[in-house]
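Okay, so here's the structure we're looking at.
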Amino acid sequence: MSDARKGLPLTSSRIEKIFPQLTPEQINRIAAHGRTRPVQPGELLIEQGDTSVPFFVVVTGEVEIVRPFGPHETLVTVHGPGEFTGEVNMLSGRRSLVRTRATKVGKVIELDHQQMLGLVQTDAELSDILMRAFILRRVELISAGVGDIVLIGSTHSSGTLRIKEFLMRNGHPYSYIDLERDSDVQNLLDSFQISANEIPVLICRGQLVLQNPSNQQIADCLGFNESIDQTQVRDLVVIGAGPSGLAAAVYGASEGLDVLALETSSPGGQAGSSSRIENYLGFPTGISGQELAGRAYNQAQKFGAHMLVARAARLICDRKPYIIELENGNRISTHSIVIATGAEYRKIRENLSRFEGAGVYHAATFVEAQSCGGEEVIVVGGGNSAGQAAVFLAQTAKRVYMLVRSSGLAASMSRYLIRRIENSPAITLLPQTEIVAVEGSNHLNSVYWRNGKTGQTEKHEISHIFVMTGADPNTSWLDGCIALDDKGFIKAGPDLLPEDLSAVGWPLTRQPYLLETSLPGVFAVGDVRGGSVKRVASAVGEGSMAISFVHKVLQES
């Protein structure tokens, strides 16, 4: 994977971190967790798509990693003595993206998934080496587009954008073929008997063809949920994998709880769509929301938390253990729950909905930025998310128009972002201005906005709007089980009035704990909780703090 290494070229110079050479003493410590066995040339150790993926350390001989696609193989890398196999799927227990086989006579140390997790949880030095290598290898696979799926789509297709965003935010590598830009795409379409008007199309492991699949279908195709036992009664189920939910999963699992986290699409929540968070403690140069979420996601899995891509459809609260019914009808039982479902950006106009993903976006990541480089764009909103989006898009867009209803940004945005916006020649702030009409056929192509102070309406040929306005809580699925405020946010802890508790029949002599809802053992954290502070650090603090109360609840039962 470099001049001195067979395989794909590396984007990083940290080859010693990506492919570290273990010492004899480290190899002996790993051997104590598994078994040493011989291998023969051509012996298949792991097949692409395998759900039970061992971890191997090469003692003697050589092991190659290839990506198969149809009858062809792409060499990814070759591991020699003292090196080891695997990337982040070793933590999650998901399907293998690659094929692994021995190329020389030799010996390997083999650990199964549970043995490998036990190793990283108990050996600090090896944990640091393995975790860093796993994460950096996944980064390289994503950069090279080496995975087990191929996406055929178009930059003008909302479905293509949605799939790319789902894969990117889940950190899953894929190859992308653009219908308008790749000359040999027709040969690939013909080989799978697909017509051009059926895109976007996802080809899984060179076999299964999915036409414009839902996020859940993609998760099923990739086997995201296969290794998870959904019949087991859990200590804790965390619903939502934004910053607060991920913090709850990390702290709960690290403190010995059996934790299952549910996420509808991808980790990170609204924060995961932030291009750069610069005021989060400990990151003086900033960190993207996706990178922060990805680190927390891997951290939770390192400690044994399970992650299920699924939507909670209903909470059954008239019995214990509580039951969470999923959209597909499956049911999960649990002794305690942390609700971290967050909130969704409010739609600003009904007629914008038909351009969702085709000119109207609610996230400003690299995926969306690719579609509007060198063009004029609009950002709607006056909060930190809108400010981060404007600053990020200004790096590649010709002009960013920032539309806010108020007279300025001081009341709703961090000062450092306001200074960035004021000092950027590519950003034009338009206060007291809102969109009144849009035009387009399959894609947005023009926008009308009106200045509330002057009453003047202008038309602009702009094809991209980023909407980051006020948010509505994701609480409709709670089905009357939990007390909500008048805006639909969850009431918790001291915000619960005596009448709230009597209305739901609070059964305990004690009062609800901090962050506990009107349902004993069910906690609300992050943006879904009424009165929460809309900052990443606050959300992380609430998620971790809730675990101390979960322990108390479990001791009571």
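The values are calculated or read from the model by the stated rules, or taken from the named source; none is laboratory data. Remember, predicted model here, so these are calculated numbers, not experimental data. Virtual Cβ from ideal backbone geometry, glycine too; neighbours counted across all protein chains shown. To get the accessible areas, we keep the full protein, side chains included, count just its heavy atoms, and leave off ligands, DNA and RNA. Shrake-Rupley method; radii C 1.70, N 1.55, O 1.52, S 1.80 Å.
Some points to look at:
- Residue count for the range 307-323, restricted to those that are assigned to a loop (DSSP other than H, G, I, E, B), touching a residue at least 12 places away in the same chain (Cβ under 8 Å) and open to solvent by 50 Å² or more (accessible area, probe 1.4 Å): 2
- Within the range 444-480, considering residues that are assigned to a strand (DSSP E or B) and within 30 Å of G531 (Cα to Cα), the one farthest from the chain's Cα centre (by Cα): I465
- If you filter the range 490-519 down to residues that are in a loop (DSSP other than H, G, I, E, B) and touching a residue at least 60 places away in the same chain (Cβ under 8 Å), you find that the one that is nearest to Q270 (Cα to Cα) is T517.
- Flag if R295 is basic (K, R), assigned to a helix (DSSP H, G or I) and closer than 24 Å to G159 by Cβ: no
- Restricting attention to the range 28-84, the residues being in contact (Cβ under 8 Å) with a residue 60 or more places away in the chain, open to solvent by 30 Å² or more (accessible area, probe 1.4 Å), touching a strand residue (DSSP E or B) at 6+ places or on another chain (Cβ under 7 Å) and β-branched (V, I, T) number 2.
- Residue in the range 324-345 that is surrounded by fewer than 20 Cβ atoms within 10 Å (Cβ to Cβ), part of a loop (DSSP other than H, G, I, E, B) and under 19 Å from the mean Cα position of the chain (by Cα) present: no
- One residue stands out in the range 212-238 among those that are assigned to a loop (DSSP other than H, G, I, E, B) and open to solvent by less than 30 Å² (accessible area, probe 1.4 Å): the one that is nearest to N197 (Cα to Cα), namely P213.
- A4 of a type outside the set (S, T, N, Q) and modelled with pLDDT of 90 or more: no
- Residues that are more than 12 Å from K302 (Cβ to Cβ) and within 18 Å of the chain's Cα centre (by Cα) were ranked within the range 123-144; the one that is surrounded by the fewest Cβ atoms within 10 Å (Cβ to Cβ) is S143.
- In the range 425-468, the qualifying residues are those that are closer than 20 Å to Q370 by Cβ and polar (S, T, N, Q), and the one that is most open to solvent (accessible area, probe 1.4 Å) is N442.
- Sole exception among (1) under 30 Å from C221 (Cα atoms); (2) open to solvent by less than 20 Å² (accessible area, probe 1.4 Å) for Q370, by number: (2)
- If only residues of the range 520-534 that are open to solvent by 20 Å² or more (accessible area, probe 1.4 Å) and touching a residue at least 40 places away in the same chain (Cβ under 8 Å) are counted, the one that is nearest to the chain's Cα centre (by Cα) is D527.
- Matching residues in the range 118-139 - criterion: being within 11 Å of Q26 (Cα to Cα) and among the charged types (D, E, K, R): D123, E125
- Checking each residue in the range 145-155 for being crowded, with 20+ Cβ neighbours inside 10 Å and not β-branched (V, I, T) picks out G147, D148, L151, G153.
- Test: residue in the range 99-122 that is buried (at least 17 other Cβ atoms within 10 Å of the Cβ), in a loop (DSSP other than H, G, I, E, B) and over 19 Å from the mean Cα position of the chain (by Cα): no
- Test result for I18, under 26 Å from S143 (Cα atoms) and buried (at least 18 other Cβ atoms within 10 Å of the Cβ): yes
- Criterion (more than 27 Å from Y361 (Cβ to Cβ), touching a helix residue (DSSP H, G or I) at 6+ places or on another chain (Cβ under 9 Å) and either surrounded by fewer than 18 Cβ atoms within 10 Å (Cβ to Cβ) or at pLDDT below 95 (or both)) met by exactly one of L497, L514: L514
A quick yes/no check of all residues on (1) touching a residue at least 24 places away in the same chain (Cβ under 8 Å); (2) surrounded by fewer than 23 Cβ atoms within 10 Å (Cβ to Cβ); (3) closer than 16 Å to A312 by Cα:
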| residue | (1), (2), (3) |
| --- | --- |
| G240 | yes, no, yes |
| A247 | yes, no, no |
| E255 | yes, yes, no |
| A271 | yes, no, no |
| R276 | yes, yes, no |
| G282 | no, yes, no |
| T285 | no, yes, no |
